[in-house]
Amino acid sequence: MQLTPEEAACALAAIQTSRETMRSAIRAHRGHYHLWLWGVIWIGMAMLAEFRGQAGIHLFPWLCVAGIAGSMALGFVQGSQIRGSVDKRFLGVLFAVILFSALWPAVLRAPYHDQALFAYLGLVAMLCYIIAGIWFDTYLVWLGLVMTAFILVGLFCFSAFFWWWIAVFGGGTLIVTGFYIRYFWR
């Protein structure tokens, strides 16, 4: 079956309309709040590590739990405003990525330092962003790629200032992207 040029143009217009509608829904219904929340958490973790050392790093799981709870609350509010079902295949992929990424350090049994472990976990989170971007909207792909580059540059080029680098270029990038999504994304 071949499409006529008019049918192809109509299909492309429908795709563009769908994309604009989705972006409008994300912009209007708290997609940016998730980015702001996690940006603040990244900055908080980096500053705890910088100023409190190991004592601050031991608080990371609690910040992550607070972030997950906040994300779930935002998702609940968003779910009541946007009708749509949860994509179970997408959640399954994320679960598999997180499960396997948790197993790799245990299998490798490599000694690690705090910066490397934080970078590893950040890269896993960015892989999840990239997967979400492939599944839903490309801005998450680009955000995941940019953040991946920032994490790697910070780890390998600026390790003496790693936690400051993560605060500015990790948390800051998430916050700035949230502002872009909220106020400028069309």
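Asp114 meets the conditions (1) under 26 Å from Phe51 (Cβ atoms); (2) surrounded by fewer than 21 Cβ atoms within 10 Å (Cβ to Cβ); (3) free of Cβ contacts under 8 Å to residues at least 60 places away in the same chain; (4) not β-branched (Val, Ile, Thr) in every case but one. The failed one is (3). Scanning segment 141-186 for residues being of a type in the set (D, E, K, R) and open to solvent by 90 Å² or more (accessible area, probe 1.4 Å) gives a total of 1. Test Pro105 against the stated conditions and say whether it is surrounded by fewer than 16 Cβ atoms within 10 Å (Cβ to Cβ) and in a loop (DSSP other than H, G, I, E, B). When the stated conditions are applied, Pro105 does not pass them. Out of curiosity, is Met47 more than 19 Å from the chain's Cα centre (by Cα) and either open to solvent by 30 Å² or more (accessible area, probe 1.4 Å) or free of Cβ contacts under 8 Å to residues at least 60 places away in the same chain (or both)? Criteria met by Met47. All of (1) modelled with pLDDT of 90 or more; (2) under 17 Å from the mean Cα position of the chain (by Cα) hold for Leu59 with one exception: (2).
Surrounded by fewer than 16 Cβ atoms within 10 Å (Cβ to Cβ), under 12 Å from the mean Cα position of the chain (by Cα) and under 24 Å from Phe100 (Cα atoms): does that describe Leu121?
No; evaluated as a whole, the condition is false for this residue.
Can you tell which of Trp135, Trp142, Trp163 is touching a residue at least 12 places away in the same chain (Cβ under 8 Å) and under 25 Å from Glu20 (Cβ atoms)?
Trp135
Only a single item in (1) closer than 22 Å to Leu37 by Cα; (2) without any contact (Cβ under 8 Å) to a residue 24 or more places away in the chain is not met by Val124, and it is number (2).
Within the span defined as segment 69-88, one or more residues are among the hydrophobic types (A, V, I, L, M, F, W, C), modelled with pLDDT under 90 and not in a helix (DSSP H, G or I).
The values are calculated or read from the model by the stated rules, or taken from the named source; none is laboratory data. In this text, all values refer to a predicted model and were calculated from it rather than measured experimentally. Virtual Cβ from ideal backbone geometry, glycine too; neighbours counted across all protein chains shown. SASA here: full protein model, heavy atoms, side chains in, ligands and nucleic acids out. Shrake-Rupley method; radii C 1.70, N 1.55, O 1.52, S 1.80 Å.
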